[in-house]
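Everything on this sheet refers to the single structure shown next.
The values are calculated or read from the model by the stated rules, or taken from the named source; none is laboratory data. Model, not experiment: these values are computed from the prediction. Reconstructed Cβ throughout: ideal geometry from the backbone, glycine too, with neighbour counts over all protein chains shown.
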Amino acid sequence: MKKDLTMRKSTFVKGAFITTLGIIISKILGILYVIPFHAIIGEAGGALYGYAYTIYLVFMSLSTAGIPLAISRIVSEYQTLGYYGTKKRVFILGRRIALVLGIICFLIIMLFAPLLAKAVLGNVTGGNSIADVTFVIRVIGTAILIVPVLSVYRGYFEGHRFMSAPSISQVIEQVIRVLIIIFGSLMALKVFDLDLTTAVGIALFGATIGAFSAYIYLVHKKFKNKGKFNEKIRQVNEPIVTDKVIIKKIVYYAIPFIMIDIFKTAYNYVDMITVVKGLVNSVNYSAVDAETIYSMLSTWANKFNMIVLAISTGVVVSLIPNITESVVKKQEKEVNAKVNQALSILVFLTIPMTLGISFLAKSIWTLFYGTSLYGPSVLSFYIFLGFIIGLFTCVITTLQVLKDYKIVFISLIAGVILKVLLNHNLLIAFNNMNLPPYYGFITASILGYLTSLIICIITLHNKYKITFELFVKNLIDIICGSLIMILALTLVKFIIPVYSTIRINNLLIIIGYAFIGAIIYFVYAYFTGLTKKIFGKDIVLVLKRVLIKK
């Protein structure tokens, strides 16, 4: 009988790898498309796209963000306890809740789009109009009808530790979305001679079509493999659990995840209503330059942060069912070990990546978007925000699984308040120091997330006795390896230029530096035993076999 390779259960490391790989592939697609997309719609179109997408993320957080992770956690919990009938009802009720939330958020977007557009632009003129922003907000709002239900399917698969199918669905969603973004906007502007707003609207509608395609795929996979979902690993006398109890549990588990996404989006929303106004009114930037910088923060530079965040998302998605199982079984040592391993995997992959992108910021920006006055300096600093957010996401997810929602909310509120208080003040401070004033917005976000991160780490250590000794030891080794890599790349600059004015030449520069950096870093990690300490000896043996076969 032929085995379905996309429907095998995964261990923590394997699940994290599979999920992360799928997310990274989808994010790479999300980065590659910006080269032609930026050339098609330009900075004004990028700002318009960013306005709509930021609003969309707020409502997606309300209707979606907590549901897949909550479903994953509850399904994993009931699967561990052997409550198989209850587990199925969790999926059915979760799907209904998601559908209702999606419809409500869709109606709010359609009705209040003009007010949202007004809040975004205020009285700033010379760029996109309120009518333009209203239109694109309504277009992206259609995705809210599909994405919540899609998220329930993903959570159900992940709760069973079937990580491959949700990962493949993300790739499908992104491929379809990217195709519509590129060819839709190109056809609109170059073939049918439509306006820029319509082209951006077509590009945004790609999110709806992509989500629908991924939904069809997961429905098919669930139906085709229903026997595996019905498999019983233990026999118990299952208690009666009412629909009311299940719904309360879904809401109880989902709300903290939703709040996390809302607070994360709040950072973007604060920038959305302050960046353009602040740069125009406080430091005398033109409206065009201010919108250009905002488009970089919200869309163009943010694409590279998504690669870094993809790793944390993959680790977190695999971490939730594994930690949930250990919590249910009251295996405190296992919880401690998994948290340390998750954080170690995260920083092992993201620290060298973050430093590498910052080091190559000018050549990367030129390759993707062409020469820019502001772009390289934005990217070289902005990428560190992605690293901090990834680390914060992993830590705060652990607190959620441990059900310490009070600290979760306190840390989130503290971070956002700090962001609000510092945003404008740091803009002025950086400008007075003759540094790029937009660094103030990025620094405010970094300090906000760092504050939340520190609160969470202190709580995990003091209240739950999670020791971070192993993680700290690994972190020191990782930082040493990353600094050695950057030092070596700095020396390489004397032989190979780190930037070219010819756009395509930057591709060869990036590949060359990435290859040299990766070799130095991974050789260091292997010979210092760092790889074995973080991933275990089994994965090292597998990699050896693969390399020997090749």
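Let's see how each residue does on (1) outside any helix (DSSP H, G or I); (2) more than 30 Å from residue 41 (Cβ to Cβ); (3) among the hydroxyl-bearing types (Ser, Thr, Tyr); (4) at pLDDT 85 or above:
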{"site": "357", "(1), (2), (3), (4)": "no, no, no, yes"}
{"site": "371", "(1), (2), (3), (4)": "yes, no, yes, yes"}
{"site": "384", "(1), (2), (3), (4)": "no, no, no, yes"}
{"site": "388", "(1), (2), (3), (4)": "no, no, no, yes"}
{"site": "397", "(1), (2), (3), (4)": "no, yes, yes, no"}
{"site": "411", "(1), (2), (3), (4)": "no, yes, yes, yes"}
{"site": "415", "(1), (2), (3), (4)": "no, yes, no, yes"}
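Here residue 431 clears all of (1) under 30 Å from residue 421 (Cβ atoms); (2) in contact with a helix residue (DSSP H, G or I) (Cβ under 7 Å, 6 or more places away or on another chain); (3) part of a helix (DSSP H, G or I) except the condition numbered (2).
Taking helices (runs of 4 or more DSSP H) as the structural unit, those lying wholly within the range 210-313 and holding at least 3 residues that are within 30 Å of residue 452 (Cβ to Cβ) and in the same structural domain as residue 164 (by TED's automatic domain parsing) correspond to 243-281.
Within the range 166-176, count every residue that is crowded, with 24+ Cβ neighbours inside 10 Å and either more than 18 Å from residue 306 (Cβ to Cβ) or of a type in the set (Val, Ile, Thr) (or both). Of the residues in the range 166-176, 0 are crowded, with 24+ Cβ neighbours inside 10 Å and either more than 18 Å from residue 306 (Cβ to Cβ) or of a type in the set (Val, Ile, Thr) (or both). Condition test on residue 434, is it without any contact (Cβ under 8 Å) to a residue 12 or more places away in the chain and among the polar types (S, T, N, Q)? For residue 434, the condition - without any contact (Cβ under 8 Å) to a residue 12 or more places away in the chain and among the polar types (S, T, N, Q) - is met. Being out of contact with any strand residue (DSSP E or B) (no Cβ under 6 Å at 6 or more places or on another chain), in the same structural domain as residue 367 (by TED's automatic domain parsing), without any contact (Cβ under 8 Å) to a residue 24 or more places away in the chain and on the phi < 0 side of the Ramachandran plot holds for only one residue in 470, 491, 507, and it is 491. Which numbered condition in (1) of a type outside the set (D, E, K, R); (2) in contact with a Leu (Cβ under 7 Å, 6 or more places away or on another chain); (3) under 23 Å from residue 493 (Cα atoms); (4) not in a helix (DSSP H, G or I) is the only one that residue 364 fails? Unmet for residue 364, out of (1) of a type outside the set (D, E, K, R); (2) in contact with a Leu (Cβ under 7 Å, 6 or more places away or on another chain); (3) under 23 Å from residue 493 (Cα atoms); (4) not in a helix (DSSP H, G or I): (4). Looking at this structure, is residue 90 in contact with a helix residue (DSSP H, G or I) (Cβ under 7 Å, 6 or more places away or on another chain) and within 30 Å of residue 158 (Cα to Cα)? When the stated conditions are applied, residue 90 passes them. Taking each residue of the range 268-285 that is free of Cβ contacts under 8 Å to residues at least 12 places away in the same chain and within 23 Å of residue 56 (Cα to Cα) and looking for partners that are small (Gly, Ala, Ser) and assigned to a helix (DSSP H, G or I) with beta-carbon atoms closer than 6 Å, six or more apart or interchain, yields nothing. Has the range 100-108 got at least one residue that is buried (at least 24 other Cβ atoms within 10 Å of the Cβ) and in a helix (DSSP H, G or I)? Scanning the range 100-108, I find at least one residue that is buried (at least 24 other Cβ atoms within 10 Å of the Cβ) and in a helix (DSSP H, G or I), so the answer is yes. Scanning the range 149-165 for any residue that is small (Gly, Ala, Ser), in the same structural domain as residue 216 (by TED's automatic domain parsing) and surrounded by fewer than 16 Cβ atoms within 10 Å (Cβ to Cβ) turns up nothing. Filtering the range 162-178 to residues that are part of a helix (DSSP H, G or I) and more than 14 Å from residue 211 (Cβ to Cβ) leaves 164, 165, 167, 168. Taken as a whole, the condition of being buried (at least 22 other Cβ atoms within 10 Å of the Cβ), more than 20 Å from residue 100 (Cα to Cα), over 18 Å from the mean Cα position of the chain (by Cα) and not aliphatic (A, V, I, L, M) does not apply to residue 129.
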